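Please read the structure below before turning to the comments.
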Amino acid sequence: MLEERQYGPVVAFRSARAFFGRGYYYAAAYYVDTLLIDSGCAYSAAELAAGLKPARPVSQIVNTHCHEDHIGANGLLQSRFGCRIAAHPLALPVLENPRLQPLQPYRRLFWGWPLPSHGQPVDEWVQTEHHRFRVIPTPGHSPDHIALFEPEQGWLFSGDAYIGGRDRAARPDYDVVAMIRSLRTLASLEIAALFPGSGTVRQNRPADELARKAAQLEELGESIKILHAQGHSPAKIRDRLLGREGSLFYMTLGHFSGVHLVELFLKPSMEEDGEGGNAGLAALARRPLR
């Protein structure tokens, strides 16, 4: 299932696997000036290719990270368009062999296995005919995560560095300290439109939403640490601050859970060892954003 919506020169595609005519757990791809940012899930790859060709040729794809709902059409589009694909260096082995990334049953059900594709390390800037996008390392959701920012237009393509809402559960492989730092970095930008990985575009003071999400996570982390110091277990802290596990816990067989979210605040940040996995791109985060 594929939905399409236009935001000026940016075309937003929201893709999902359909069950009984309804899509679940959408992922977004954005097309502008022959650049495709992310490519959705494997189940909608053929629909995305049909929505692009021939009126919307793709010269390059940039993946914000290597999760299966963001690289799902890479292989098909590269074979049809011959387009260059770029991503964080840590993502490249997964692009070449998507099965290096184990998928839990719910991930196989909703998004599926992508076809292999060949990628190259993303540069500091991504250039198209009319636009220039700054590459900003945004680890936390995954070590290989990047965002793209077009400063002249104020477009921010955040991938899953910002999805929205108040988090009540998390995967155990997130780095919540890095997530907050990435949100703060993005919130410092002059953003006119926020294009997140969920496809729900924000155009009303999006930087405030990013800062608010960072503040919510920081407040949650402080409360968790206080309760932990008082001797409460992660499950008890979850019950008090987040409530009982919701449907997401059962649907993912416990991969997403409130206990995982609590535990993320109680362990060291992976960013403290090796700057999120790539010192070259991590150094970009310390440069002034222009």
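The values are calculated or read from the model by the stated rules, or taken from the named source; none is laboratory data. Note that the structure is predicted; figures quoted are calculated from it, not measured. Don't worry about glycine lacking a Cβ; one is built from the backbone with ideal geometry, like all the others, and counts go over all protein chains shown.
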If you go through the range 12-20 one residue at a time, do you hit one that is surrounded by fewer than 22 Cβ atoms within 10 Å (Cβ to Cβ), of a type outside the set (S, T, N, Q), touching a strand residue (DSSP E or B) at 6+ places or on another chain (Cβ under 7 Å) and at pLDDT 95 or above? yes
Over the range 214-228, the set of residues within 21 Å of the chain's Cα centre (by Cα) and of a type in the set (A, V, I, L, M) is ALA214, ALA215, LEU217
How many residues of the range 1-58 are under 16 Å from PRO114 (Cβ atoms), part of a helix (DSSP H, G or I) and of a type outside the set (Phe, Trp, Tyr)? The answer is 7
Scanning the range 142-195 for residues that are β-branched (Val, Ile, Thr) and in a loop (DSSP other than H, G, I, E, B), the one surrounded by the fewest Cβ atoms within 10 Å (Cβ to Cβ) turns out to be ILE163
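Among the residues of the range 69-92, is any touching a Lys or Arg at 6+ places or on another chain (Cβ under 6 Å) and farther than 21 Å from ARG171 by Cα? Give the derivation first.
Taking the range 69-92 as the starting set, the residues that turn out to be touching a Lys or Arg at 6+ places or on another chain (Cβ under 6 Å) are none.
No, there is no match, as no residue in the range 69-92 is touching a Lys or Arg at 6+ places or on another chain (Cβ under 6 Å) and farther than 21 Å from ARG171 by Cα.
Every residue, every condition in (1) over 19 Å from ALA207 (Cα atoms); (2) among the hydroxyl-bearing types (Ser, Thr, Tyr); (3) in contact with a strand residue (DSSP E or B) (Cβ under 7 Å, 6 or more places away or on another chain), yes or no:
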residue	(1), (2), (3)
HIS118	yes, no, yes
THR138	no, yes, yes
PHE149	no, no, yes
ARG168	yes, no, no
Kindly indicate whether any position in the range 68-76 is outside any loop (DSSP other than H, G, I, E, B) and either touching a His at 6+ places or on another chain (Cβ under 6 Å) or over 19 Å from ARG99 (Cα atoms) (or both).
no
Might you check whether a residue that is in contact (Cβ under 8 Å) with a residue 12 or more places away in the chain, surrounded by 14 or more Cβ atoms within 10 Å (Cβ to Cβ) and closer than 17 Å to HIS145 by Cα occurs anywhere in the range 200-211?
yes
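Residues LEU248, LEU242: which one is touching a residue at least 40 places away in the same chain (Cβ under 8 Å), under 17 Å from ARG171 (Cα atoms) and buried (at least 18 other Cβ atoms within 10 Å of the Cβ)?
LEU242
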Given the conditions (1) at pLDDT below 90; (2) farther than 17 Å from THR138 by Cβ, every one holds for GLY254 apart from (1)
For the range 164-185, pairs from a residue that is more than 18 Å from PHE256 (Cβ to Cβ) to a residue that is assigned to a loop (DSSP other than H, G, I, E, B) and modelled with pLDDT of 95 or more, with Cβ under 6 Å and 6 or more apart or across chains, are ALA178/PRO139; ALA178/GLY140; SER182/THR138; SER182/GLY140; SER182/ALA161
When the range 34-48 is checked residue by residue, the ones that are over 20 Å from the mean Cα position of the chain (by Cα) and modelled with pLDDT of 95 or more are THR34
The correct count of residues that are closer than 25 Å to LYS53 by Cβ, modelled with pLDDT of 95 or more and in contact with a helix residue (DSSP H, G or I) (Cβ under 7 Å, 6 or more places away or on another chain) in the range 80-112 is 4
